[in-house]
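The values are calculated or read from the model by the stated rules, or taken from the named source; none is laboratory data. Just so it is clear, the structure is predicted and the values come from calculations on it, not from any experiment. As a convention, Cβ positions derive from the backbone with ideal geometry for all residues, glycine included, and neighbour counts pool all protein chains shown.
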Amino acid sequence: MSAEFSRWAPVSALRDEGRQVRAQISIPADCPWLEGHFPARPILPGVALLASVESILRRVRPGRPVLRIRHVRFRRVVGPGDELDVEIEIRSLGEDLRARFRISDASGQVGKGTFHLGPA
């Protein structure tokens, strides 16, 4: 899932500061995730936003499988041409990691949630 997303909406300005990770994502007008969802007003499906966070996590914490995704809330619609900021706070839970994410655009919060990652 994440490899496909990063191919169509590349992650830029990736900064890994240990417990804090930041990145930017631009949603191109020709992104296949927008096709048919919805024809009159294309919007990015929520699963694509989750794939974007997963893509970032795989780059900064390779080899750690996603165990579960919890507390996900989407608050705004994302469409072609949107610029997104992603912030992830990573904490240890024994051998596992908890990665709380927040996605926002110029108007405010787009979505948030928590990924739980297993040991590498």
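Considering (1) surrounded by fewer than 20 Cβ atoms within 10 Å (Cβ to Cβ); (2) in a loop (DSSP other than H, G, I, E, B); (3) on the phi < 0 side of the Ramachandran plot; (4) of a type outside the set (S, T, N, Q), say which one Val78 fails and leave the rest.
Every listed condition holds for Val78 apart from (1).
May I ask you to verify whether Pro32 is closer than 17 Å to Pro80 by Cβ, at pLDDT 90 or above and in contact with a helix residue (DSSP H, G or I) (Cβ under 8 Å, 6 or more places away or on another chain)?
no
Can you find a residue that is in contact (Cβ under 8 Å) with a residue 12 or more places away in the chain, more than 19 Å from Asp105 (Cβ to Cβ) and over 14 Å from the mean Cα position of the chain (by Cα) anywhere in region 36-49?
No: region 36-49 contains no residue that is in contact (Cβ under 8 Å) with a residue 12 or more places away in the chain, more than 19 Å from Asp105 (Cβ to Cβ) and over 14 Å from the mean Cα position of the chain (by Cα).
Across region 94-120, which residue is farthest from Arg58 (Cα to Cα) among those that are exposed (fewer than 13 other Cβ atoms within 10 Å of the Cβ) and not acidic (Asp, Glu)?
Only one residue tops the list, namely Ser107.
Yes or no: Arg64 surrounded by fewer than 15 Cβ atoms within 10 Å (Cβ to Cβ), among the basic types (Lys, Arg) and assigned to a loop (DSSP other than H, G, I, E, B)?
no
For Arg91, indicate whether it is part of a strand (DSSP E or B) and either crowded, with 17+ Cβ neighbours inside 10 Å or over 15 Å from the mean Cα position of the chain (by Cα) (or both).
Yes; evaluated as a whole, the condition is true for this residue.
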